[in-house]
Amino acid sequence: MTLPPGKIPVEILKEVVFKNLGAKRKEVVIGPSAGIDCSVLEVGDKSIIVSMDPITGALETIGWLAVNVNANDIATFGCEPSFLVSCILLPEKAEEKIVQVISAQMNEAAKALNVAIVGGHCETTPGLTNPIVIGCMIGMTEKGKYVTAAGAKPGDFLILTKSVGIEGTAILASDREAQLKKALSARVLKNAKKFYKQISIVKDATSAFRAGGVHAMHDSTEGGVAGAIHEMADASKVGVRIQEEKIRIQPETLKICKIYGIDPLQLIASGSLLIAADPRCAEKIVNSLREEQIDAETIGEFVPSQKERVIRRLDGKTEDLPRPVTDQLWHALKKRKISG
């Protein structure tokens, strides 16, 4: 079986990866599972939250993304990120300047989040054409004081912060700028590249968690908002009903997705956070986020039947919520020509 670009299918995770996890340790209270991006270790009176993600589809801001994307995973547990271990893999014949650029980006991003970079590895790697940065982020909290993506309950409201396709929009505007100049104005491209500033959800998650009534959180990475909703529903063993009219799509994202013929809902969306909330607390959570100048909207609700994963479109028709096979970013990056 030839694997698609990006994340490997969940079936292979379950049948292969999750069956080869080494020794069992009593400290591991949450290990690897589909839809849950962090593991949890209990040591003394602390819960240690651990996550790992690579940055593979971006070039210009790869170091900055490596810190923020990994910090986002920790934040979805309602916990602040604290420590980062990184692995930087570079193409053969890479020059010293690229090490300087990536390291400076990571330093800036980590300082902004009060994260210490405590170790890692850096090498040139045969066969690579582009740099890859892999991060392992660690956070600490009081024992048991966290949520996971598996906590959504039937009847919970689903809240989305910011908009869809944030990271994908920024990547395409930056790494395909020369191509997109044929179809978009300089102003639109400039605005789209600034989407990188929206990618952290640490403030989103910690603000929502403090407001109370949060049952689960999940960030929208590969597979976009649609993929993240499915992952959350899978982990929680529930279904979901979504209203398309409630989902915010920024104009720059719409324009870029139209040019490449891709679905904004399935475009990598780091920067947007999904929150499963007690319906009695949803308004309070949304208001607390808006007070922090973070756009937020209730876009649907979770339902008991796992088979019910639907979206009510703008035209009033209800259809199955698409489940991404691969992120739409990869389809866009493959296109050598676009319509101007």
Hand me the tally of lysine pairs in segment 10-142: alpha carbons under 24 angstrom apart, and the pair either on different chains or 8 or more positions apart. 6
Among the aspartates and glutamates, which fall within straight-line cross-link reach of Lys193, defined as a Cα-Cα distance under 12 Å, with same-chain neighbours fewer than 8 residues apart omitted? Glu60, Glu167, Asp175, Glu177, Glu252
Run the simple label-point estimate for Thr318 and Lys143 please: 7 Å along Cα→C-beta, distance reported in nm. 4.6 nm
Inter-probe distance in nm under a simple model that places probes 7 Å from Cα toward Cβ, at Glu92 and Ala34: 3.9 nm
What helices does the chain hold that run 20 Å or longer along their axis, going by alpha-carbon atoms, with a Kyte-Doolittle average of -0.5 or more, using DSSP H for the helix calls? 96-112
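Per residue of the chain, what 222 nm ellipticity follows from adding -39500 (n - 2.57) for every DSSP H run with n ≥ 4, rounded to the nearest 500?
On the way: 11 runs with 109 residues, N = 340.
Rounded to the nearest 500, the figure is -9500 deg cm²/dmol.
Subtract the Cα-Cα distance of Asn191 and Val310 from 0.36 nm times their separation in residues, and report this length gain in nm to one decimal.
39.6 nm
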Using alpha-carbon positions, what is the distance between the centroids of segment 84-157 and segment 256-281, in Å? 22 Å
Over segment 193-340, what is the relative contact order in percent, taking alpha-carbon pairs closer than 8 angstrom and at least six residues apart? 38 percent
What does the net charge come to around Arg280 if you take all other residues with beta carbon closer than 14 Å to its beta carbon, with K and R at +1 and D and E at -1? -2
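Just so you know, all these numbers are worked out from the coordinates, no wet-lab data involved. If you're wondering where the values come from, they're calculated on a predicted model, not measured in any experiment. Positions of Cβ are backbone-derived with ideal geometry, glycine not excepted, and every protein chain shown enters the neighbour counts.
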